[in-house]
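Notes follow once the structure below has been shown.
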Amino acid sequence: MPERTSSSTPSTKLGLFAIESKFKVDDMASRAYDDVVDGADDSGIDIVHINEDINIVVIAQTYNSNNAGRSDAKSNKVALMAQGLTRLLNEPIERIPIALKSSAESLRKLICSDKIDSIFIWYVHNALGSANVKKELITLGEQTKSLLEQLKQNNNVDIITEEIDISELDKLYSGLTVAIELTNEFKLQVPIGLEIKQDRWKAYTTAVPGTWLYEIYKKYPDKLFSSNVREYLGSKRSSKNINKSIQNTSRQDSSNFLIYNNGITALVNNFKVNKKNKLRWN
């Protein structure tokens, strides 16, 4: 009978690194044995990371190319994950291979108890990004939504698919060594603000247009959050979910946005504000 892999392979190490970096997991090394399900009968899934601390699950296929960054990753590896996801979410427990059985039992229990907000479906590799891979992932995400509905009707779990290619892995590594990746200079006319100075830091509190923030986010979606505590964790449709509540306020009650949400903290290297309230920072 096939057994679970007891140690990480070069490809699964890429996946574990991506999880550790994106979600700031402190004890990834101790979690690796439980998370890595790569083996002879893994059904196209190499990692199942269940994180109850932040209510997420990462299900990943991984691939380590000997010619890193020189060619596209094979999209058929994404299609292979469909069988594994079916086994994790819907196949009778007694028929699930031992490599996935423990993860399937834990995952189903948490989903049925409304303790999972988001499921991230990843293809992690050190090859170039591929439009075909992204297309396959979108299809896989739709299939997973259907599987979840069969497991628990009217569930509120977000499905987030992503290709973590060599470019994204490089960004993650850079984020570990550089606290603030976005060093471009910005200029903005702001209303009156309040500056506070201490021996080792200074801060400036003001208001900026939401539309300006949105444009900055579109232009720098990854670097903008390099100093954030955690990556975006989804927007579960629940009254207790902060992300979803912020979205609802923005769309349905924008005039009261400032009252309901107490602001955004931006960590910068330096800033200056002149007498005409023109703010410059990088």
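Computed quantities for the displayed model
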item: FRET E, pair GLN252, LEU110, Förster distance 35 Å, beta-carbon r, rounded to 0.05; result: 0.70
item: Added length on full extension, which subtracts the Cα-Cα distance from 0.36 nm per residue, THR211 to GLN150; result: 18.0 nm
item: C-alpha long axis of helix 98-112 to longest principal axis of the chain, angle in °; result: 50
item: Span per principal axis, largest first, for the Cα atoms of the chain (Å); result: 74, 44, 36
item: Entries of LYS22/LYS223; LYS115/LYS152; LYS77/LYS223; LYS202/LYS278; LYS145/LYS171; LYS101/LYS152 with Cα pairs more than 21 Å apart; result: LYS77/LYS223; LYS145/LYS171
item: MRE, 222 nm, helices only [DSSP H, n ≥ 4, -39500 (n - 2.57), over the chain, to nearest 500]; result: -12000 deg cm²/dmol
item: Label-to-label distance, nm, for residues given as ASP72 and LYS171 (7 Å Cα→Cβ offset); result: 2.0
item: Cα convex hull of the range 47-169 - mean projected area over all directions, nm²; result: 7.5
item: Per-residue Cβ neighbour rank within 10 angstrom, fewest leading, LEU169, LEU100; result: LEU169, LEU100
item: Cα-projected label distance for LYS278 with ILE98, points at 7 Å along beta-carbon direction, nm; result: 7.1
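Since every read-out is calculated from the coordinates, none of them should be taken as a lab result. Bear in mind the structure is a predicted one, so any value in this text is a computation, not a measurement. Here Cβ is always computed from backbone atoms with ideal geometry, including for glycine, and neighbour counts include all displayed protein chains.
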